[in-house]
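For reference, the structure is listed below as structure tokens.
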Protein chains: 4
Amino acid sequence: MVVLEFSIFPLDKGDSLSRYVARSLDIVDRSGLDYRSHAMGTLLEGGFDPVMNVVRECFQALAADCDRIECSIKFDYRKGRQGRLETKVASVEEKLGRPVRK
Amino acid sequence: MVVLEFSIFPLDKGDSLSRYVARSLDIVDRSGLDYRSHAMGTLLEGGFDPVMNVVRECFQALAADCDRIECSIKFDYRKGRQGRLETKVASVEEKLGRPVRK
Amino acid sequence: MVVLEFSIFPLDKGDSLSRYVARSLDIVDRSGLDYRSHAMGTLLEGGFDPVMNVVRECFQALAADCDRIECSIKFDYRKGRQGRLETKVASVEEKLGRPVRK
Amino acid sequence: MVVLEFSIFPLDKGDSLSRYVARSLDIVDRSGLDYRSHAMGTLLEGGFDPVMNVVRECFQALAADCDRIECSIKFDYRKGRQGRLETKVASVEEKLGRPVRK
């Protein structure tokens with residue numbers, strides 16, 4: 001399973017981007033994949049093709065009316081592991097011996 | 001103010017990284033800066049120098065016993081804005097008309 | 001057209017990664033897309049689907065025998081622009097009034 | 001030594017960014033550090049503090065008149081290794097048994 005983090009935004013629509021980020025989050029939220037959103041991007045968990053397909057749909061939703069788009073993606077694949085949106089931080093907290101801000 | 005997201009880990013210590021991530025989160029947690037941790041990294045908010053200084057301390061804490069270290073950093077600077085660890089997602093939810101998973 | 005930059009490597013095979021990077025560059029080199037490789041990653045130019053398909057093939061070639069894989073991707077889409085692997089730097093050099101190291 | 005790759009640009013100045021990228025490359029070029037520029041960013045080699053200081057100077061040069069700035073940074077530290085702007089790709093070519101496009 002893959003934990004993928006991405007952010008995508010237009011570069012030709014000024015610096016008020018929340019309308020465009022909302023367009024992507026709507027797609028993420030309806031995808032059926034487990035996800036978490038934060039101030040710098042969105043995390044998804046799933047197989048390689050399902051998570052990349054969400055990125056593709058977000059790109060296409062922006063490309064409909066944006067002429068320049070920037071996107072950054074990072075993923076971490078670990079064979080046979082699931083539920084890592086929660087367990088990765090929990091495992092760090094266990095090593096640390098105390099909870100962290102989430 | 002800067003919202004910075006980063007992840008840092010050794011490449012020469014196998015694939016069980018939570019012990020090393022805990023070392024960084026301990027530094028982040030004690031830094032006094034506002035932060036959030038998630039499955040793919042940590043967000044910090046502050047001035048450019050304070051947030052970069054935290055990254056530097058995390059690097060040095062790993063370089064003490066790790067011979068190869070990978071780090072990725074992304075930041076978003078917005079003049080005069082504070083509290084964006086919360087307000088960026090809230091602004092997207094407002095456009096979307098419903099809450100998202102966080 | 002998209003200019004995409006990516007790097008992909010296993011996390012469970014020690015810190016000597018050139019064998020695994022070679023596996024990806026072989027795929028990139030045979031893809032027929034225009035590309036450039038550098039010390040931190042590879043640039044590709046093409047449509048969204050062709051460039052993402054190369055990333056997918058590189059992932060699958062590693063997933064065959066690697067249990068943990070890290071990947072970072074960044075892309076810049078600009079409607080109707082082609083040849084940007086060269087023209088982006090050339091345009092900066094023109095503004096700068098002198099050549100830079102490439 | 002660190003090989004660091006970064007890109008930095010304003011988000012409030014439209015989508016013609018080469019003027020702003022030129023401002024950063026001027027700083028990089030005058031820094032005395034070894035570097036390479038490509039279509040998606042700039043590579044630097046040096047100690048942690050010298051390379052991060054170049055990023056800091058580029059940030060400050062933009063923050064002088066830009067109200068929103070995006071930056072992504074990736075670095076690879078390897079104890080005791082130097083000259084990796086060239087040797088990393090050369091090592092991959094050796095494994096591959098043929099040259100790649102650079």
Under 29 Å Cα to Cα from C:K79, which lysines show up? Leave out anything in the same chain fewer than 8 places away. A:K13, A:K74, B:K74, B:K88, B:K95, C:K88, C:K95, C:K102, D:K13, D:K74, D:K102
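Scale the Cα Rg of the protein assembly as shown by the rule-of-thumb value 2.2 N^0.38 Å and send over the ratio, two decimals.
Details: Rg = 19.7 Å, N = 408, 2.2 N^0.38 = 21.6 Å.
Scaled against compact globular proteins, the figure is 0.91.
How about region D:43-84: which trypsin sites (Lys or Arg not before Pro) there lie in a loop by DSSP and see at most 14 other Cβ atoms within 10 Å? Numbers along the way, then the final one.
Values: sites: D:R56, D:R68, D:K74, D:R78, D:K79, D:R81, D:R84; in loops: D:K79, D:R81.
Here the trypsin sites (Lys or Arg not before Pro) that fit, given the DSSP loop and packing criteria, are D:K79.
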Distances from D:R98 to the same position in the other copies: list them in nm, one decimal, shortest first, using label points 7 Å from Cα along Cα→Cβ. 3.9, 5.2, 5.7
Please report how far the C-alpha centroid of region C:1-72 lies from that of region D:60-77, rounded to the nearest whole angstrom. 26
Counting other beta carbons within 10 Å of each residue's own, what order do B:S72, B:S16, A:S31 fall into, fewest first? B:S16, A:S31, B:S72
Could you identify which residue out of B:V89, B:V21, B:V51 has the top mean-square fluctuation in a GNM of chain B using Cα springs shorter than 10 Å? B:V89
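Give me a single rounded figure for A:78-90: the average over its residues of other chain Cβ atoms within 10 Å of their Cβ.
On the way: counts 6, 6, 1, 2, 0, 0, 2, 4, 1, 2, 7, 8, 2.
Neighbouring Cβ atoms belonging to other protein chains average 3 per residue here.
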Modelled label-to-label distance, B:D34 and D:D12, 7 Å Cα→beta-carbon offset: nm? 1.9
Residue among B:E57, B:E45, B:E86 with the largest mean-square fluctuation in a Gaussian network model of chain B, springs linking Cα atoms under 10 Å: B:E86
At q = 0.16, 0.17, 0.18, 0.22 Å⁻¹, what base-10 log of I(q)/I(0) does the Debye formula yield for region C:16-69 when every alpha carbon is treated as an equal point scatterer in vacuo? -0.46, -0.52, -0.58, -0.84
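Averaging over all projection directions, find the projected area of the Cα convex hull of region A:39-78 and quote it in nm² with one decimal place. Provide the component values of the computation, followed by the final result.
Values: hull surface 13.5 nm².
Value for region A:39-78: 3.4 nm².
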Which residue in C is nearest the C/A rotation axis when you measure from the C-beta atom, and what is the distance in Å? C:I73, 2
Pull up all non-local amide H partners of C:S31: gap of 5 or more, or a different chain, and H-to-H distance under 5 Å with H placed in the peptide plane. none
Per principal axis, largest first, the Cα atoms of chain B extend in Å by 47, 28, 20
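When the helix-only estimate is applied to the protein assembly as shown (DSSP H runs of n ≥ 4, each -39,500 (n - 2.57), divided by the residue count), what is the mean residue ellipticity at 222 nm, nearest 500 deg cm²/dmol? Mind dumping the intermediate values first?
Details: 12 runs with 168 residues, N = 408.
So the helix-based figure for the protein assembly as shown works out to -13500 deg cm²/dmol.
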Given C:L62, C:Y20, C:I73, which one lies farthest toward the positive end of the charge dipole of chain C, if we put +1 on the Cβ of every Lys and Arg and -1 on the Cβ of every Asp and Glu? C:I73
Under the convention of a label 7 Å out along Cα→Cβ, give the distances in nm from D:E57 to the same position in every other copy, shortest first. 2.7, 4.2, 4.7
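Bear in mind that the values in this text are calculations on the coordinates, not laboratory data. Keep in mind that this is a model prediction, so the values were computed, not measured. Every residue, glycine as well, gets a Cβ built from its backbone with ideal geometry; the counts of neighbours run over all protein chains shown.
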